[in-house]
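Heads up: the structure comes next, in structure tokens.
Read-outs throughout are calculated quantities, based only on the coordinates presented, and are distinct from any laboratory measurement. Computed from a prediction, not measured in an experiment: that's the story for all the values here. Using ideal geometry, Cβ is built from the backbone for each residue, glycine included, and neighbour counts are taken over all protein chains shown.
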Amino acid sequence: MKAGISQSTQLRQELKINPRLYQAMDLLYMPLLDLQQHLKQELLNNPFLDLVEEEEEEEDQAEAESVEQDEEKERGEQIDW
């Protein structure tokens with residue numbers, strides 16, 4: 001038998017699923033009615049969440065765009081010394 005020092009290297013790849021990934025997968029495969037109930041429950045439980053309807057979101061975007069256009073007009077009217 002030979003006595004001595006030896007070195008070896010190994011390359012290994014592992015896939016570990018964390019709890020957040022399980023939760024995301026559950027949400028993806030959830031039926032629409034169950035998903036809506038789940039979201040309503042989360043909205044009730046978490047005071048920092050707020051439901052924004054699509055119509056409200058479109059109005060907010062239109063309002064933000066008009067404000068940006070007004071600001072650009074004001075900048076263009078100012079004289080750059």
What list of ³J(HN,Hα) couplings, whole Hz, do you get for region 22-36 from phi and the Karplus terms 6.51, -1.76, 1.60, once you set θ to phi - 60° and write x for glycine and proline? 4, 5, 5, 5, 4, 5, 5, 8, 6, x, 4, 5, 5, 5, 4
Students often check this: by mean Cβ neighbours within 10 Å, which of 58-66, 9-17, 34-42, 46-54 ranks highest, and how do the rest follow? 34-42, 58-66, 46-54, 9-17
Please give, to one decimal in nm, the separation of the simple spin-label points placed at Leu15 and Glu42, each 7 Å out from Cα toward the Cβ. 2.4
Inverting the mean 1/r over all pairs of different Cα atoms, compute the Kirkwood radius of the chain and quote it in Å. 19.6
Of Leu43, Ser8, Leu33, which is farthest towards the positive pole of the chain's charge dipole, taken about the Cα centre with +1 and -1 on the beta-carbons of Lys, Arg and Asp, Glu respectively? Ser8
